[in-house]
Amino acid sequence: MKDLTVFISYRDAEDGVGVQEAEALREELLCFGVVARMARHDISPMADLPHTVMELIRSSSALVCLASEGFSSSPWCQQEVGFALGRDIPVFWAKLCTTETPAGLLTGQLAHQPSTGKPTIQAVTDWLAQQSAVRTELVASLGHGLSTSRCYRDSREIARLLRKIGTLTQDEWDLIRFRASTNNQVSDAVVGDVSLLEHLEGSLRIVQELP
């Protein structure tokens with residue numbers, strides 16, 4: 001199964017807010033087994049910038065806008081969003097300042113505001129779990145995340161997302177259980193008095209094939 005790839009769109013401004021938030025989100029998504037693409041890491045200084053950006057977005061299954069101040073007025077950022085929408089790639093808007101609001105084809109989309117209490121990473125991953133178009137890739141990523149999880153907290157967060165997805169095929173569950181069993185940060189984790197894997201299996205609907 002192919003892991004999920006997400007493109008992070010951000011404004012590279014002097015205040016550094018967009019870059020800092022993108023870097024942090026990229027690292028956090030990696031904990032979930034999600035591959036996060038961003039210009040600073042994935043484009044060589046010698047590359048054809050417009051062509052490379054388009055290829056990165058085209059090969060991604062979702063795009064996340066980190067809307068720091070000036071994001072909406074940045075031609076680059078708007079072109080990235082438009083390119084994704086034109087290819088039916090789901091787009092999520094994280095509003096990092098009060099002045100930035102989804103516009104154009106994104107008008108009316110509910111913008112996540114970290115100031116409301118939910119961290120950006122949780123909002124992004126919860127949104128991904130609701131996108132049927134990326135479901136199979138997200139399940140693969142979460143299985144990968146369980147095999148490499150470095151702490152009980154990350155393992156529980158991955159399990160929480162799997163519960164949000166709700167239904168797994170038997171093959172998907174068998175692969176996740178196998179990957180998780182190789183990592184003591186998952187196999188030794190507990191929820192209450194029950195092992196994390198037992199709790200997860202009891203919370204999921206396991207089917208032979210998806211409807």
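Screening the stretch 144-193 for residues that are in contact with a strand residue (DSSP E or B) (Cβ under 9 Å, 6 or more places away or on another chain) and part of a loop (DSSP other than H, G, I, E, B) and picking the one that is nearest to THR5 (Cα to Cα) gives GLY166.
From the set of residues in the stretch 2-20 that are more than 27 Å from ARG163 (Cα to Cα) and among the charged types (D, E, K, R), which is most open to solvent (accessible area, probe 1.4 Å)?
Looking at the filtered set, the residue picked out is GLU14.
Of the residues screened, LEU63 is not one that is assigned to a helix (DSSP H, G or I) and surrounded by 13 or more Cβ atoms within 10 Å (Cβ to Cβ). One residue alone among VAL190, VAL124, VAL207, VAL186 is over 30 Å from CYS77 (Cβ atoms), touching a residue at least 40 places away in the same chain (Cβ under 8 Å) and touching a Phe, Trp or Tyr at 6+ places or on another chain (Cβ under 9 Å), and that residue is VAL186. Residues of the stretch 138-175 that are touching a Phe, Trp or Tyr at 6+ places or on another chain (Cβ under 8 Å), farther than 18 Å from ASP188 by Cβ and either hydroxyl-bearing (Ser, Thr, Tyr) or open to solvent by 20 Å² or more (accessible area, probe 1.4 Å) (or both): SER141 alone.
Cβ separations smaller than 8 Å between residues 6+ apart or across chains give the following pairs from the stretch 31-51 residues that are modelled with pLDDT under 80 to residues that are not in a helix (DSSP H, G or I): ARG40/ASP12; LEU49/ILE43. Assessment of the stretch 114-131 against the conditions (open to solvent by 70 Å² or more (accessible area, probe 1.4 Å), of a type in the set (Val, Ile, Thr) and either touching a Lys or Arg at 6+ places or on another chain (Cβ under 8 Å) or outside any helix (DSSP H, G or I) (or both)) yields no matching residue. Taken over the stretch 66-93, the residue count meeting the criterion of being open to solvent by less than 10 Å² (accessible area, probe 1.4 Å), part of a loop (DSSP other than H, G, I, E, B) and not hydroxyl-bearing (Ser, Thr, Tyr) is 1.
Among the residues of the stretch 180-205, the one identified as farther than 16 Å from GLU157 by Cα and surrounded by 13 or more Cβ atoms within 10 Å (Cβ to Cβ) is SER181.
The values are calculated or read from the model by the stated rules, or taken from the named source; none is laboratory data. Model, not experiment: these values are computed from the prediction. Every residue, glycine among them, receives a Cβ derived from its backbone with ideal geometry; neighbour counts consider all protein chains shown. SASA here: full protein model, heavy atoms, side chains in, ligands and nucleic acids out. Shrake-Rupley method; radii C 1.70, N 1.55, O 1.52, S 1.80 Å.
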